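Encoded as structure tokens, the structure appears first; notes follow it.
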Amino acid sequence: MLEGRVFKFGDNISTDHIVPGRLAHLRSNLPELAKHVLEDADATFASRVNLGDFLVAGVNFGLGSSREHAAMVIKMAGMSAVLAKSVARIFFRNAINLGLPVLICDTDGIDDGDELHIDLAAGTIRDITNGSQLTFKKIPEIMLRILDEGGLMPYIKKYGDFKL
Amino acid sequence: MAKTLAEKILSHKSGLDARAGDIVVAQVDLAFVQDTTGPLTLREFEAGGFDQLADKERTILFLDHAAPSPNQQLSTDHILLRRFAEKRGCLLSDVGQGVCHQIVAESFARPGDIVVGADSHTVTAGALGAFATGMGSSDIAVAFALGKTWFRVPETIRVVTSGSFQKGVYAKDLILHLIGQIGADGATYKALEFGGDAVDLMPISDRLTIANMSVEAGAKAGLFAADDLTRDYLTKQERGNDYQPIAPDNDASYQKTIDIDAVGLEPTVSRPHSVDNTALARELEGTRIQQVFIGTCTNGRLEDLAVAASILKGKKRHPQTRLIVAPASRKVLLEAIETGYIKTLVEAEAVIISPGCGACLGLHQGVLGDGEACLSTANRNFKGRMGNPEAFIYLASPATAAATAITGRITDPREVL
């Protein structure tokens with residue numbers, strides 16, 4: 001069971017909002033890069049998040065670059081999952097590869113600051129603040145297995161190959 | 001059963017009868033990183049404990065995003081890439097050779113290949129009939145080691161363009177128009193497959209522009225059939241032997257088909273801060289522009305510089321508008337010198353920067369000031385993209401860019417042609 005508080009963002013949050021190209025010189029210094037997470041969307045975000053919180057967004061979250069650092073700094077900031085109405089393809093794959101759950105669901109009813117309880121195995125999201133319950137779209141089997149192992153590198157270390 | 005281009009290539013490379021929606025593991029023919037995604041990839045490769053690269057001759061490290069490097073941290077990242085190439089024996093494309101996607105098109109991608117790169121614009125090689133897609137560093141580290149990766153076979157949207165472009169209208173206008181129509185997530189998880197009589201006659205340079213921007217609609221791949229024009233292009237690059245024809249089956253199953261009449265298209269511009277926020281150039285006339293940037297994997301080819309030079313010949317940039325030009329590769333730069341385009345552009349007071357990504361992603365060589373507006377031939381205009389979240393980016397064709405450089409305001413190129 002995942003429990004945490006919601007940080008709500010809008011539609012089309014790009015990888016440049018999350019980790020802009022102008023900070024490319026920090027990509028080999030991840031703790032420093034992580035201090036700037038989502039800076040161009042909300043300058044106060046990095047200082048307000050707590051371990052286990054949830055990043056909730058609208059449509060097409062993470063569009064743009066292939067930079068895995070985008071998913072990485074969101075995880076490093078302590079987020080336990082990303083919830084969005086839709087997610088750009090490369091970001092989705094990157095997040096799962098790093099062991100960061102990405103849940104596709106209708107986020108319209110979730111407000112900034114809400115308390116959520118998420119049961120990944122049961123596929124349910126409970127909004128404790130407003131009492132509503134949501135379901136999220138099924139994650140493809142191979143991605144679930146990668147997620148279960150904590151990411152792609154631990155998965156490959158364990159199996160040595162892709163197991164379909 | 002009839003197949004789309006994506007289904008054909010993924011079937012061949014997986015040894016399965018791959019259909020949209022299937023998950024397959026497929027052989028990778030080319031895998032690469034660039035200097036802002038490469039260091040993480042190489043660290044993951046080393047930490048993964050892999051013995052060796054699956055195919056050294058088809059593994060490439062490109063130094064193009066910060067080339068030459070503007071600061072000590074990126075210079076040190078470059079050392080990491082150079083040392084890995086030396087130790088592991090893979091290919092290195094060092095500073096000044098050009099943008100990864102241009103070099104992949106010139107020298108590596110083949111029709112029917114699977115190409116994966118740690119850069120979202122890897123889709124560019126779809127112009128040559130390769131299934132090419134961008135991934136993150138972990139996926140590429142594994143592809144480096146195993147020579148394969150997993151794919152969900154995408155559903156395909158067929159885009160059929162008929163007729164011919166009006167004077168002043170180019171492939172860039174077509175793809176901006178399409179993204180404006182379907183939206184920045186209009187093809188998410190799907191392949192875009194381009195055809196129609198306008199595409200049959202379209203040179204590879206234009207197909208590369210269109211394939212390049214397919215990811216701006218969220219697409220996993222932007223695919224073209226490989227035909228006689230593909231063969232001629234590969235022959236010109238001295239690799240005619242890499243050619244094989246590939247085309248979708250006539251009765252392949254598409255999620256939907258979008259018809260575009262090329263005759264009806266006009267010079268198109270994406271407004272800040274999203275690529276799908278399109279308007280016609282003529283509707284934006286009067287918008288002041290402080291910097292024009294011509295180049296990138298989208299529009300930094302010889303044909304693009306030729307269009308810009310033809311418009312700028314005998315003219316000068318507007319005194320309040322900087323003009324920056326980045327040829328997409330060293331080969332393009334050499335050809336642009338030989339043809340006189342560089343002389344024309346420099347006489348028009350353009351700044352020529354080294355082949356590479358240049359000002360596109362905000363690292364250097366043309367970072368915008370607060371409140372400034374840039375009209376760029378690149379593929380992305382997200383807030384902060386060119387190094388400053390307080391700046392504004394418009395995207396357009398090289399012709400619109402050149403016309404705008406002269407007037408200092410967004411200008412429909414048909415006014416100066």
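Rule-based calculations on the coordinates, nothing more; no lab input. Every value quoted in this text rests on a predicted model; they were computed, and no experiment measured them. Heads up, the Cβs are rebuilt from the backbone with ideal geometry, glycines too, and the neighbour counts pull from every protein chain shown.
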Subject >> Between region A:24-44 and region B:369-417, the alpha-carbon center distance in angstrom >> reply: 27
Original post:
Most exposed first by the Cβ proxy, i.e. fewest other Cβ within 10 Å, how do B:Asp29, B:Asp94, B:Asp249, B:Asp51 rank?
Top reply: B:Asp51, B:Asp249, B:Asp94, B:Asp29
Original post:
Using a simple charge model, +1 on the beta-carbon of Lys and Arg, -1 on the beta-carbon of Asp and Glu, nothing else, what dipole does region B:251-308 show about its Cα centre, in debye to the nearest 20?
Top reply: 320
Subject >> Calculated [θ] (222 nm, deg cm²/dmol) that DSSP helices of n ≥ 4 give over the protein assembly as shown, each run adding -39,500 (n - 2.57) >> reply: -8500 deg cm²/dmol
Subject >> Rg and Dmax of the protein assembly as shown, Cα atoms only, in Å >> reply: 22.6, 70
Original post:
Using a Förster distance of 41 Å, how high is the FRET efficiency between A:Asp11 and B:Ser253, based on the Cβ-Cβ distance and rounded to 0.05?
Top reply: 0.85
Original post:
For the pair A:Asp148 and A:Asn130, how long in nm is the line joining their label points, each one 7 Å along Cα→Cβ?
Top reply: 3.4
Subject >> Dipole of the protein assembly as shown [Lys/Arg +1, Asp/Glu -1 at C-beta], most positive-end residue of A:Ala57, B:Phe45, B:Val199 >> reply: B:Phe45
**OP:** Take every Cα pair under 8 Å in chain B that's 6+ residues apart, average their separations, divide by the length, and report that relative contact order as a whole percent.
**Re:** 18
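For each of A:Thr107, B:Thr278, A:Thr44, count neighbouring Cβ atoms within 10 Å of the residue's Cβ, then give the residues from fewest to most.
The most exposed by this proxy come first: A:Thr44, B:Thr278, A:Thr107.
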Subject >> Kirkwood hydrodynamic radius of region A:2-138, from inverse mean 1/r over distinct Cα pairs, in Å >> reply: 14.7
Subject >> ³J(HN,Hα), Karplus 6.51/-1.76/1.60, whole Hz, each residue of region A:80-96, x for Gly, Pro >> reply: 9, 6, 10, 10, 8, 6, 7, 9, 5, 4, 5, 4, 4, 5, 4, 4, 4
Subject >> Label-point gap, in nm, between B:Gln72 and B:Arg239 - each point 7 angstrom along Cα→Cβ >> reply: 3.9
Subject >> Lys, Arg +1 and Asp, Glu -1 on Cβ, resulting dipole of the protein assembly as shown about Cα centre, debye, nearest 20 >> reply: 840
Original post:
Which of A:Lys85/A:Lys138; B:Lys220/B:Lys256; B:Lys190/B:Lys256; A:Lys75/A:Lys163; B:Lys172/B:Lys315 have a Cα-Cα distance over 18 Å?
Top reply: A:Lys75/A:Lys163; B:Lys172/B:Lys315
**OP:** Give the span of region B:1-60's Cα atoms along each principal axis, as three whole-Å numbers ordered largest to smallest.
**Re:** 43, 23, 23
Subject >> Cα pair count fraction exceeding 33 Å, expressed as % - chain B >> reply: 28
Original post:
Quick one, what does Rg over Rh come out to for region A:106-164 if you take C-alpha atoms and the Kirkwood Rh?
Top reply: 1.14
Original post:
What ranking of B:His121, A:His17 emerges when the number of other C-beta atoms within 10 Å of each C-beta is taken as an exposure proxy, fewest first?
Top reply: A:His17, B:His121
Original post:
Between B:Pro248, B:Val28, A:Val82, whose Cα lies farthest towards the positive end of the dipole of the protein assembly as shown when Lys and Arg beta carbons carry +1 and Asp and Glu beta carbons carry -1, centred on the Cα centre?
Top reply: B:Val28
Subject >> R0 of 35 Å, Cβ-Cβ distance A:Asp111-B:Asn277: FRET efficiency to nearest 0.05 >> reply: 0.80
Subject >> Relative contact order of chain A, defined on C-alpha pairs under 8 angstrom at six or more residues apart (%) >> reply: 23
**OP:** Could you let me know the centre-to-centre spacing of region B:1-60 and region B:244-302, using Cα atoms, in angstrom?
**Re:** 28
Original post:
In µm²/s, what is D for region B:287-417 at 10 °C and 1.306 mPa s, where D = kT/(6 pi eta Rh) by Stokes-Einstein and Rh is the Kirkwood radius from Cα pairs?
Top reply: 113
**OP:** Of the DSSP beta bridges with both residues in the protein assembly as shown, give the percent that are antiparallel, rounding to the nearest 5.
**Re:** 30
**OP:** Report the full-extension gain for the segment B:Lys343 to B:Leu16: residue separation times 0.36 nm, less the Cα-Cα distance, to one decimal in nm.
**Re:** 112.4 nm
Subject >> region B:257-348, relative contact order [Cα under 8 Å, separation at least 6], % >> reply: 27
Original post:
Roughly how many nanometres apart are two label points built 7 Å out from the Cα toward the Cβ at A:Glu141 and B:Lys87?
Top reply: 3.8
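Using r as the Cβ-Cβ distance of B:Asp228 and A:Asn29, and R0 as 45 Å, what FRET efficiency do you calculate, to the nearest 0.05?
Efficiency computed from Cβ-Cβ geometry: 0.35.
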